[in-house]
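The values are calculated or read from the model by the stated rules, or taken from the named source; none is laboratory data. Owing to the predicted nature of the structure, the values given are computational and were not obtained by experimental measurement. So basically every Cβ, Gly included, is an ideal-geometry build from the backbone, and we count neighbours across all protein chains shown. With ligands, DNA and RNA removed, areas are computed over all heavy atoms of the protein, side chains included. Shrake-Rupley method; radii C 1.70, N 1.55, O 1.52, S 1.80 Å.
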Amino acid sequence: MPSPPPTSSPPQLNDTSDVSAERRFREAEDRLREAIEELQRRQRSQRQLHQPPCDHADESCVANAIGNLCQSFLLSYGVRVGIGILLRAFKLARGKSYSSLLDLKQLVSEKNLIVREEACRIGLLFGGFTGSYHALRCLLRKLRMKETPMNAILAGSVAGLSILALDDSNRRRTLALYLLARLAQCAYNSAKSKNKFHLWGSHWRHGDSLLFSLACAQVMYAFVMRPESLPKSYQDFIQKTGPVAQPVYKAVRDCCRGSRVDVASLSAFLASKKDHNFVKLEEFPSIIPCSIIHPDTNSCLAHNSKAASATFRKTFPLYFSLTFVPFVVLRLQKFMDAPVRTCWLAVKGAVRSTSFLSAFVGIFQAVICLHRKVATKDHKLVYWVAGGMAALSVLLEKKARRGELALYVLPRAGDSLWYILVNRHFLPDIKNAEVALFCACMGGIMYYLEHEPDTMAPFLRGLIRRFLASRISNPGTTSNRSASYSYLQALDAMKKPKLQDTRDAETSASEKYNLESIPGL
């Protein structure tokens with residue numbers, strides 16, 4: 001019998017062996033992956049036995065803390081001095097003494113530019129907080145042998161004692177209440193993002209303007225009726241910005257309280273004014289008329305327009321300085337790249353902010369005059385309503401700045417309310433309570449900055465990171481990864497195309513050959 005023809009089994013066996021080798025290689029990779037993951041689990045379980053590395057590997061902890069302290073001190077000191085110099089230059093230019101702008105003795109002398117002590121205190125506040133925060137973070141890593149959110153909270157709270165660099169308790173209280181408002185904002189945003197809490201009306205388009213109106217209503221009420229509840233510097237700013245004299249405010253305050261009006265002081269004030277109409281003064285008037293509020297002008301409309309324009313001229317240098325100097329100091333590289341554009345943006349922002357403040361003064365005075373046209377008796381709540389209505393001028397500002405302005409005025413309203421409640425014995429008067437509040441708020445702020453930065457306003461987040469020398473550790477980064485983790489990532493990158501090629505090969509092989517027909521399989 002003739003022998004059967006030879007079969008093609010050897011090529012099939014060779015292809016099958018290649019597929020089996022690929023499969024064994026994948027199984028070996030899977031076992032290696034499992035071993036690496038098990039090693040990482042053991043390392044995580046034993047992490048408490050090892051000290052986590054600091055985020056400044058190129059220098060010691062002491063050098064890092066001192067370097068950050070000096071950098072923040074010089075930065076904040078330079079901002080305060082720069083604002084003082086620019087305001088002094090505006091003052092000289094307003095007096096048409098342009099040649100004195102080149103005279104350093106008149107521009108930056110100790111007699112005319114008294115900012116050294118204040119600038120040093122501000123520098124110690126920011127620099128002391130930055131340096132002590134970094135030092136405490138490193139110390140807590142070594143003592144607790146782990147990196148947790150509690151480290152940021154403890155370091156921020158203890159470093160908050162740098163607020164003692166400010167010797168004025170009113171300024172400390174205002175700053176503490178400002179941080180409390182910011183902390184509440186972060187906590188609310190965090191709860192809202194996790195669907196845990198949602199405040200009714202927070203989706204309103206002008207919710208920030210409403211908050212600003214409520215805060216301004218309290219501030220203007222306090223300025224007229226309880227001026228002692230506001231910081232002295234804030235009282236002086238409102239008094240200089242507005243067109244009404246201090247004796248008139250005192251007479252309005254006494255009239256609303258039903259007290260005796262100081263006729264002698266009010267007569268002396270009216271006598272100093274030119275072209276004022278004679279007004280019969282009473283010791284117990286029912287209302288202070290417009291002829292006393294603005295004795296220089298008979299028309300209320302003309303008085304309000306004049307007040308708005310005068311406010312613009314007085315406050316433009318301040319707003320320009322607050323806009324231009326921080327931008328140059330904090331973003332020097334951008335200023336060097338485009339100085340003309342920076343100046344233009346500073347002028348544009350200053351004009352917009354000054355227009356908002358001028359409109360605020362004009363509306364406030366208009367409401368006061370309108371009340372005197374329709375009423376015969378004064379009431380203290382009129383000034384609360386006038387402050388809230390005048391705050392509608394914030395709509396002239398950018399949408400992004402309205403919330404910032406609301407959170408800027410809110411602490412001053414809270415400060416005034418705090419003082420009034422303590423004065424009426426509704427709250428206890430605790431010594432240095434503002435220091436404890438500031439420390440607690442800084443602990444919370446630093447927690448949100450490091451672990452939930454998206455809950456913070458971009459302005460505040462960028463400002464704190466700038467003064468902290470941008471060395472805040474981020475738990476989401478992968479700067480300190482082990483070699484096993486790097487190898488595992490590389491293995492994944494290599495395996496993805498390889499698995500794809502293997503799947504393509506298996507698909508083509510199944511299409512070409514019927515593996516069940518091969519003998520021995």
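Pairs exceeding a 18 Å alpha-carbon distance, out of 91/273; 314/399; 273/373; 250/380; 273/306; 240/314: 91/273; 314/399; 273/373.
For residue 136, the solvent-accessible surface computed with a 1.4 Å probe is close to 40 Å², ligands and nucleic acids excluded. Of interest is the spacing of the C-alpha centroids, which for the stretch 146-191 and the stretch 225-243 amounts to 26 Å. Normalised by the number of residues in the stretch 61-167, the mean separation of alpha-carbon contacts (under 8 Å, six or more apart) gives a relative contact order of 38 percent. If R₀ is 25 angstrom, what is the calculated FRET efficiency for the pair residue 284 and residue 375, using the beta carbon separation as r and rounding to 0.05? Efficiency, rounded to the nearest 0.05: 0.90.
Across the stretch 283-402, Cα-Cα pairs more than 17 Å apart make up 65 percent of the total.
You can think of it this way: the chain between residue 39 and residue 192 has 51.3 nm of extra reach, that is 0.36 nm per residue less the Cα-Cα gap.
Annotation: aspartates and glutamates with alpha-carbon distance below 14 angstrom to residue 348 (same-chain offsets under eight excluded): 397. Take the Cα of residue 236, step 7 Å toward its Cβ, do the same at residue 264, and the gap between the two points is 2.8 nm. Shape index of the stretch 205-430: Rg/Rh, with Rg the Cα radius of gyration and Rh the Kirkwood radius from the inverse mean 1/r over Cα pairs, equals 1.02.
Solvent exposure of residue 233, expressed as accessible area, is near 80 Å², computed with a probe of 1.4 Å over the protein chains only.
Accessible-area rank, largest first, for 110, 29: 110, 29, with all protein chains present and a 1.4 angstrom probe. Summarising the overall dimensions of the stretch 61-167 from its C-alpha atoms, the Rg and Dmax are 19.2, 64 angstrom.
For the stretch 205-430, the relative contact order works out to 36 percent when only alpha carbon pairs closer than 8 Å and six or more residues apart are counted.
In the stretch 286-323, whose amide N lies under 18 Å from the spot 7 Å out along Cα-to-Cβ of residue 271? List them in ranges. Backbone N within reach: 292, 295-296. In terms of accessible area, using a 1.4 Å probe and ignoring ligands and nucleic acids, 178, 419 rank largest first as 419, 178.
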